[in-house]
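Here the structure is laid out as structure tokens; the discussion comes afterwards.
The values are calculated or read from the model by the stated rules, or taken from the named source; none is laboratory data. Not measured: the values here are computed from a predicted model. Counting neighbours? That spans all protein chains shown, and the Cβs are built from the backbone with ideal geometry, glycine included. With ligands, DNA and RNA removed, areas are computed over all heavy atoms of the protein, side chains included. Shrake-Rupley method; radii C 1.70, N 1.55, O 1.52, S 1.80 Å.
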There are 2 protein chains.
Amino acid sequence: MKYCFGVDVGGTTVKMGLFSIDGNVLDKWEIPTHTENEGEAILPDIAAAIMKKTEERKILSEDIEGVGIGIPAPVDGEGVVQSTANLGWGYKAVKAELQALLGGMRVEAGNDANVAAMGEMWLGAGMGEKNIVMVTLGTGVGGGIVIDGRMLVGATGAGGEIGHMCVRRDEEETCGCGLHGCLEQYASATGIARLARKRLAANEDKSILRGTGMSAKDVFDAVKAGDSVAIQIAEEFGVYLGEAMANLAVIVNPAVIVIGGGVSKAGEVLLPYVEKPFRGKAFFANKDTRFVLAKLGNDAGICGAARLILS
Amino acid sequence: MKYCFGVDVGGTTVKMGLFSIDGNVLDKWEIPTHTENEGEAILPDIAAAIMKKTEERKILSEDIEGVGIGIPAPVDGEGVVQSTANLGWGYKAVKAELQALLGGMRVEAGNDANVAAMGEMWLGAGMGEKNIVMVTLGTGVGGGIVIDGRMLVGATGAGGEIGHMCVRRDEEETCGCGLHGCLEQYASATGIARLARKRLAANEDKSILRGTGMSAKDVFDAVKAGDSVAIQIAEEFGVYLGEAMANLAVIVNPAVIVIGGGVSKAGEVLLPYVEKPFRGKAFFANKDTRFVLAKLGNDAGICGAARLILS
């Protein structure tokens, strides 16, 4: 049997997985992310954990195809990051350094959102497809794009930053990135909560959302309960996201758009709100693009990272 | 010396080129496109022209690396088209059929706009880059996207249809594709002429454009002459195109955006009108994306088609 490792680096923990190259998860574990001293221990810790697992399982080094690693930052085509928000790293040649720590073993590195999309393509909601978009609706809106089975990395590793498509030119509030009207301002968990607060402040309509924290979860719970104000909020969210996906599809022509992240835990109820405006604005060649919920949850990162080794 | 052929199929003529694989154009010629009888002669004519050229130049078949071909229709990853607007073809397995006609020689096929982008990357305005976007401003707005040196083809061959990004949700006139507010309605030659007619009809301001045909060329000629109304039209065009390119760059993260097609013959005067709104709306990772005019003109197609063989 041939093996590969998938590593998903987060600000608090590093998720790790051992896979057979035919896609079976053989082991999963986590180690802490030591971000102190500019994160100098992170890659050595990862290398040590891989070596230890290899010994434990008595895996021969010639049976290991390599190690894939996902990083929460833009990663260029050479596996280099320029800076990170929460790992302590400035410039780091991730691929080359980890490869050296592992005695020359093959290493591939990618941005975590792109890597998650690879995971959903390999073992999740996009299985069997080679052209997929993954939108992650969390605190922000992340994106990963896979074209013909390969991550869309871009010139500086910033491909697929779907959350910063401009969907509203006249927005007055500023996005975290400094621009105005980014998709993230309407379709992230934070964005949905903002839409809810605004709509409830604008009138006195009865709603079970009043008195709640008006989180994205509260909104979709209220949608499920048939609350008409919540339904209007979901429709507003869906128009922003669905029309943005129509514009994205014109460029990428994906077979599947996978929706993941915390907001997607609302479940299937969410999809029609996005699909309807998408169909209304989709270019004819994209009328058949499917919308599906992500399947792998927190495992998308380790799966996709392992998949990098098979490209 | 090793050779490859580049073929650019149009509705009236087929442009053909013989290249050395290091990028020298050794010969260029054209043959008519015979679209009658569902275009049944097109591929045989191309194969015959290649065989004839090979004999004329006494090229050994083992020195030919292959033939690339660009088609004015979506072409999927297998080199298949489903229908064409102006060749007479319905479903056609272009790659397989031409390969059979050429005795098994390697053939690669692509959409003409994507292929032109490959050409500009190889021998034109994007030389040295691997991530480029090409926007062709002609009767419509065409687009070709190259990611990491490969065409963005998409699930059904409809990747890179930049002209049908929605840039104005409240547009009342209908685009040729049936949607409303497509980039093509404002940034094509036809679109610029429409902006001009509307602006001149809306007021009585003096302009040297009055009495002209108000073509895109008239508009940019008037811009060069300092005509203030023409400058307003160019600014309006530039906002639509520049902001659309900012949204596109968020997804694709290109090093260079190449502007080609008839409208680009206006020359360098055009670029600042697009760049300024781009910079205003660009995500920080794309602030350095360069705008350049296409260099290859009508040869982009044959160059890019030949380049397909070297991927």
request  = Output the number of residues of region A:125-141 satisfying the condition of being small (G, A, S), touching a residue at least 24 places away in the same chain (Cβ under 8 Å) and open to solvent by 10 Å² or more (accessible area, probe 1.4 Å).
outcome  = 3
ask   = With respect to B:L209, is the statement that it is closer than 22 Å to B:E243 by Cβ, free of Cβ contacts under 8 Å to residues at least 60 places away in the same chain and either not assigned by TED's automatic domain parsing to the domain that holds B:V115 or not polar (S, T, N, Q) (or both) true?
value = no
inquiry  = Just checking, does region A:64-73 include any residue being closer than 17 Å to A:D8 by Cα, part of a loop (DSSP other than H, G, I, E, B) and open to solvent by less than 60 Å² (accessible area, probe 1.4 Å)?
reply    = yes
query = Out of all the residues in region B:289-298, is one or more of a type in the set (S, T, Y), open to solvent by less than 10 Å² (accessible area, probe 1.4 Å), assigned to a loop (DSSP other than H, G, I, E, B) and in contact (Cβ under 8 Å) with a residue 24 or more places away in the chain?
reply = yes
note = Scanning region A:163-177 for residues that are at the interface with chain B (Cβ under 7 Å from one of its Cβ atoms) and touching a residue at least 60 places away in the same chain (Cβ under 8 Å) gives A:M165
remark   = For region B:30-42, the count of residues that are in contact with a strand residue (DSSP E or B) (Cβ under 8 Å, 6 or more places away or on another chain) and exposed (fewer than 13 other Cβ atoms within 10 Å of the Cβ) equals 1
request  = Out of A:N37, A:N86, A:N111, A:N131, report the one residue that is in contact with an Asp or Glu (Cβ under 7 Å, 6 or more places away or on another chain) and polar (S, T, N, Q).
outcome  = A:N131
key: Top-ranked residue of region A:43-63 - restricted to ones that are open to solvent by less than 40 Å² (accessible area, probe 1.4 Å) and among the small types (G, A, S), ranked as nearest to A:A93 (Cα to Cα)   = A:A47
key: Residue satisfying all of: in region B:128-141; part of a strand (DSSP E or B) and more than 19 Å from B:V250 (Cα to Cα); farthest from the other protein chains (Cβ to nearest Cβ) among these   = B:L137
task = Sort out which residues of region A:159-186 are part of a loop (DSSP other than H, G, I, E, B) and within 20 Å of A:I71 (Cβ to Cβ), and write them in order of number.
result = A:G159, A:G160, A:E161, A:G176, A:C177
key: Breaking point among (1) open to solvent by 20 Å² or more (accessible area, probe 1.4 Å); (2) over 20 Å from the mean Cα position of the chain (by Cα), for B:I233   = (1)
inquiry  = Looking only at residues that are among the small types (G, A, S) and within 18 Å of the chain's Cα centre (by Cα) in region B:252-288, which one is surrounded by the most Cβ atoms within 10 Å (Cβ to Cβ)?
reply    = B:G260
key: Scope region A:39-97; condition at pLDDT 95 or above and hydroxyl-bearing (S, T, Y); matching residues   = A:T54, A:Y91
So B:A249, is it within 19 Å of the chain's Cα centre (by Cα), open to solvent by less than 10 Å² (accessible area, probe 1.4 Å) and within 14 Å of chain A (Cβ to nearest Cβ) = yes
request  = Report whether or not B:G104 is assigned by TED's automatic domain parsing to the domain that holds B:V25, open to solvent by 10 Å² or more (accessible area, probe 1.4 Å), more than 24 Å from B:L18 (Cα to Cα) and of a type in the set (G, A, S).
outcome  = no
inquiry  = When you scan region B:84-95, do you find a residue that is charged (D, E, K, R), crowded, with 21+ Cβ neighbours inside 10 Å and touching a strand residue (DSSP E or B) at 6+ places or on another chain (Cβ under 7 Å), even just one?
reply    = yes
query = Identify, please: which residue in region A:109-120 is among the hydrophobic types (A, V, I, L, M, F, W, C) and open to solvent by 10 Å² or more (accessible area, probe 1.4 Å) and is, among those, farthest from A:A306 (Cα to Cα)?
reply = A:A113
ask   = Here is a list of conditions, (1) without any contact (Cβ under 8 Å) to a residue 60 or more places away in the chain; (2) assigned to a strand (DSSP E or B), and B:A109 meets all of them except one; can you say which number that is?
value = (1)
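Residue-by-condition table, conditions (1) over 25 Å from A:M151 (Cα atoms); (2) within 14 Å of chain A (Cβ to nearest Cβ); (3) at pLDDT 95 or above:
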residue: B:A255; (1), (2), (3): no, yes, yes
residue: B:V269; (1), (2), (3): yes, no, yes
residue: B:A285; (1), (2), (3): no, yes, no
residue: B:D299; (1), (2), (3): yes, no, yes
residue: B:I309; (1), (2), (3): no, no, yes
inquiry  = Please go through (1) at pLDDT 95 or above; (2) open to solvent by less than 70 Å² (accessible area, probe 1.4 Å) for B:I208 and return the number of the only condition it doesn't satisfy.
reply    = (2)
remark   = In region A:142-153, anything more than 8 Å from chain B (Cβ to nearest Cβ) and either at pLDDT 95 or above or open to solvent by 30 Å² or more (accessible area, probe 1.4 Å) (or both) is listed as A:G144, A:V146, A:G149, A:M151
task = Look through A:A193, A:A285 and report the one residue that is in the same structural domain as A:C166 (by TED's automatic domain parsing), among the aliphatic types (A, V, I, L, M) and under 20 Å from A:T136 (Cα atoms).
result = A:A193
key: Criterion: open to solvent by less than 50 Å² (accessible area, probe 1.4 Å) and either on the phi > 0 side of the Ramachandran plot or at pLDDT below 95 (or both) - qualifying residue of B:C166, B:C177   = B:C177
key: Exclusive hit being polar (S, T, N, Q), surrounded by 17 or more Cβ atoms within 10 Å (Cβ to Cβ) and either outside any loop (DSSP other than H, G, I, E, B) or touching a Leu at 6+ places or on another chain (Cβ under 6 Å) (or both), set A:T190, A:T156   = A:T190
ask   = Quick one: is A:I21 more than 12 Å from A:A109 (Cα to Cα) and open to solvent by less than 20 Å² (accessible area, probe 1.4 Å)?
value = no
query = Taking only pairs six or more apart or across chains, which ones have beta-carbon atoms under 7 Å, a first residue in region A:228-240 that is under 14 Å from A:R194 (Cβ atoms), and a second residue that is outside any helix (DSSP H, G or I)?
reply = A:Y240/A:V167; A:Y240/A:L183
